[in-house]
Each structure stands twice: as C-alpha cells, then as structure tokens.
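Below: the structure, in structure tokens.
What follows is calculated from the coordinates using simple rules that are stated; it is not laboratory data. Here the structure is a predicted model, which means the values were calculated and not measured. Here Cβ is always computed from backbone atoms with ideal geometry, including for glycine, and neighbour counts include all displayed protein chains.
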Amino acid sequence: MSPVTGEARWQAAELGREALAYADTLHNLARYLTRNATDAEDLVQETYTRALRAAAQFTPGTNLKAWLFRILRNTFISLYRRQRRDPTVGGLDTVNPSQHDAPDGGWLRGDLELEHLRTVVGEEIERALMSLSEEARTVVLLDLEGLSEHEVASVVGCPVGTVKSRLSRARMALRHQLADYGKTRTPGPTAPCSTKPSS
C-alpha cells in the first residue's frame with residue numbers, strides 16, 4: 001500500500017509481466033512512428049525501461065496499455081528532440097534518415113490477424129498510412145488498437161476534441177488516398193458473358 005494514497009501499487013516485476021502482453025502492439029506503433037525497424041526496437045526497449053522505473057506510479061485496474069502507449073509516445077518525442085539538437089546525428093558515415101527500411105513484415109510479429117489483413121489489402125494501405133503526419137498516424141493506430149478517444153487523448157496529451165479532429169482528418173485523407181484502390185486492383189476471374197441473343 002502506498003503511504004500517500006492508500007492504493008495498491010505494482011512492483012516492477014509484476015508490471016513487467018503484465019506489460020509483456022503489449023510488446024507487439026507497442027512495436028507496431030513504434031515502427032510507424034520511427035519508420036525504421038531498428039529504431040522501433042530501441043524505442044520499445046526504452047519504453048519498457050522507463051515503465052519499469054515508474055512501476056510505482058501505475059495504478060492497477062487502470063488501462064496499462066494506454067499508459068504504455070503514452071510512455072512510448074513521450075519517449076519518441078524526447079528522443080526526436082534530442083536528435084534534432086545533436087550535431088553528430090546524421091554525419092557522413094550514417095544512413096540517410098529519409099530512407100526507410102524495406103517492408104519485411106517482421107514488425108507484424110505473431111499477429112496473424114494483421115498479417116492476414118496486410119496480405120489481403122496489399123502495401124497501398126501501409127503507404128497511405130505512412131504518408132500521414134506523425135500525429136495523425138498515432139491517433140489512427142491507437143484507435144485501431146481499440147483505445148477510446150479519451151484514452152487516446154491521454155496518450156497523446158491533448159483534448160478529446162483534438163483527437164476527434166485528427167482522427168476525422170486522418171480517416172478522410174486515407175479515404176482520399178485509397179479511393180482508387182479497388183479500381184486499380186486487377187479483378188479476379190469472372191464468368192464469361194453470354195453472347196446468345198434473348199428470344
């Protein structure tokens with residue numbers, strides 16, 4: 001029991017066991033934020049490190065998934081700001097940060113439903129999603145993870161109305177980008193038309 005609040009708090013080991021269930025979903029969001037598989041793994045690792053250090057701050061019975069997403073997003077923003085101020089990042093011997101990893105499917109680790117969806121709809125949806133701003137991509141991905149608008153607002157640190165606006169604009173942009181998706185896909189085999197005149 002916490003002497004200040006009287007509420008039960010988790011220890012780092014207990015939080016770690018529970019938090020491991022969200023490794024794949026955290027990695028998916030990290031992959032979309034960083035646009036790089038290696039950076040995504042580093043971001044998830046740093047997220048878990050920070051979560052374990054702050055285990056006493058988590059209240060059991062609240063949404064652990066949303067709490068972890070918030071840590072991941074805040075960590076991403078902190079690392080991004082630090083890299084922008086660091087003059088050694090992007091030197092002559094580094095990879096061009098504008099180049100993205102080739103889609104290898106590894107970031108879908110073990111999630112059969114997402115893997116099946118990706119197979120069915122192709123890479124067009126992923127390209128459309130990656131073309132969104134970081135804020136728009138984040139709210140769409142958190143929405144797809146099943147978080148409510150209030151939970152998403154808590155994760156991204158903005159009012160619920162802003163989340164609704166971002167989500168609406170992101171969905172509209174995706175609809176616009178994917179409007180021709182069905183038209184450009186090659187149709188499957190169809191039954192031949194009958195040329196016999198009707199009597």
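Summary table
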item	result
Karplus-derived 3J(HN,Hα), 6.51/-1.76/1.60, for each residue of the stretch 21-28, Hz, glycine and proline x	5, 9, 4, 5, 5, 5, 5, 4
Estimated inter-spin distance, residue 41 and residue 176, nm [label 7 Å along Cα→Cβ]	3.7
Gained length - residue 83 relative to residue 54, 0.36 nm times residue gap less alpha-carbon distance	8.1 nm
In Hz, Karplus ³J(HN,Hα) per residue of the stretch 57-71 (6.51, -1.76, 1.60; θ = phi - 60°; x = Gly, Pro)	7, 7, 9, x, x, 8, 7, 5, 4, 5, 4, 5, 4, 5, 4
Pair residue 125, residue 169: separation of 7 Å Cα→Cβ label points (nm)	2.4
Two-decimal Rg to Rh for the stretch 123-180 - Kirkwood Rh, Cα set	0.98
